[in-house]
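*Asks:* First the structure, then my questions, so here it is.
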Amino acid sequence: MNEKEILTSALAFHGHRCWASVAGVRAGLAALRTLNVSRSGGTQLHSIVEIGEDHGGMCFGDGVQYATGCTLGKGNVARQPYGKLAMTLIEKTSNRAVRVSYKPTLQQQIGESTFMKKRGMGVMPDEIPEAEQMELVALVWEAAESAVLSIGEVFTYNGEWLPETMGFEACAACGELTARAYLRCVGDKHVCIPCSGYDR
Ligand SMILES: [Zn+2]
Ligand SMILES: [Zn+2]
């Protein structure tokens, strides 16, 4: 996939077209290029995204996930909730890492856009006409990289990576498939956490 195809697919995955998801795609691509690694098809890479909860711009996280292949399902993305549009990408075998943050250069233009005015009135992003969604996509996508991204020096991440725990078992009470590490012993039975009555 070329970069434009990655953007198009990322936006399809995300569900609407917005400036923050594009910023995430650009940050992710820049991080891959800086570390000279390719998208994580397995768990070769790990990313840390600095979005928080319930704030504008969290869509950044989806752009990062799609571009880097560090995803919730693979378990190789973590959140450091600083409420920022920034991310760190780490190559696990070498612990080489880079942090990329999104610069506020375009925020005034973004704030004055039809898209953001409608968002401010409570219109859902996917209910805003596509052409108005695309204006902000183009703005962030076509800006010079140095205008929108701050790319740090490559550094060594202090990471210890645990191996995946393999294997599943059916809970003895509800019968649902459960990863072994999440089964609990109740009497002589292995049961899932909700069936065990334990908190975790
Ligand atoms: Zn979005
Ligand atoms: Zn159960």
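What follows draws every value from the coordinates through simple rules; no lab data is involved. As the structure is a prediction and not an experimental result, all values here were calculated from the model. Quick reminder, even Gly has a Cβ in these numbers, built from the backbone with ideal geometry, and neighbours come from all protein chains shown.
*Asks:* So what does the Cα-only Debye profile of the chain read at q = 0.09, 0.12, 0.17 Å⁻¹, as log10 I(q)/I(0), no solvent term?
*Replies:* Debye curve over Cα of the chain, log10 I(q)/I(0) at q = 0.09, 0.12, 0.17 Å⁻¹: -0.43, -0.68, -1.05.
*Asks:* When a/c reaches 1.5 or more, the comparison of a/b and b/c decides; with that in mind, is segment 1-98 rounded, prolate or oblate per its Cα gyration tensor?
*Replies:* Here segment 1-98 falls in the oblate category.
*Asks:* Excluding same-chain residues fewer than 8 positions from Lys117, which lysines have a Cα within less than 28 Å of its Cα?
*Replies:* Within the straight-line limit of under 28 Å, Lys117 reaches these lysines: Lys4, Lys84, Lys103.
*Asks:* Got the relative contact order for segment 64-189 handy, in percent, Cα pairs under 8 Å and 6 or more residues apart?
*Replies:* 23 percent
*Asks:* Would you mind working out the magnitude of the charge dipole of the chain relative to its Cα centre, with +1 at each Lys and Arg C-beta and -1 at each Asp and Glu C-beta, to the nearest 20 Debye? Kindly include the intermediate steps, with their values, before the conclusion.
*Replies:* Values: 19 positive and 22 negative charges, 76 e Å.
Using Cβ point charges on Lys, Arg, Asp and Glu, the chain gives about 360 debye.
*Asks:* Could you tell me the distance between the Cα centroids of segment 150-168 and segment 50-127, to the nearest Å?
*Replies:* 19 Å
*Asks:* With a Cα-only, solvent-free Debye model of segment 56-163, what are the log10 I(q)/I(0) values at q = 0.16, 0.22 Å⁻¹?
*Replies:* -0.86, -1.33
*Asks:* At a Förster radius of 22 Å, what calculated FRET efficiency corresponds to the Cβ-Cβ distance of Phe155 and Ala12, to the nearest 0.05?
*Replies:* 0.05
*Asks:* With the contact rule set at Cα under 8 Å and sequence spacing of 6 or more, what percent relative contact order holds for segment 1-70?
*Replies:* Once divided by the residue count of segment 1-70, the mean separation gives 46 percent.
*Asks:* From the backbone phi of segment 143-151, what are the Karplus-calculated ³J(HN,Hα) couplings (6.51 cos²θ - 1.76 cosθ + 1.60, θ = phi - 60°) in whole Hz, Gly and Pro given as x?
*Replies:* 5, 4, 4, 5, 7, 10, 10, 10, 10
*Asks:* Springs between alpha-carbon pairs under 10 angstrom, Gaussian network model over the chain: which of Val22, Val123, Val37 fluctuates most?
*Replies:* Val123
*Asks:* Here's another thing I want to ask about it. Once a ≥ b ≥ c are taken as the square roots of the eigenvalues of the Cα gyration tensor of segment 115-199, is the result rounded (a/c under 1.5), prolate (a/b larger than b/c) or oblate (a/b not larger than b/c)?
*Replies:* oblate
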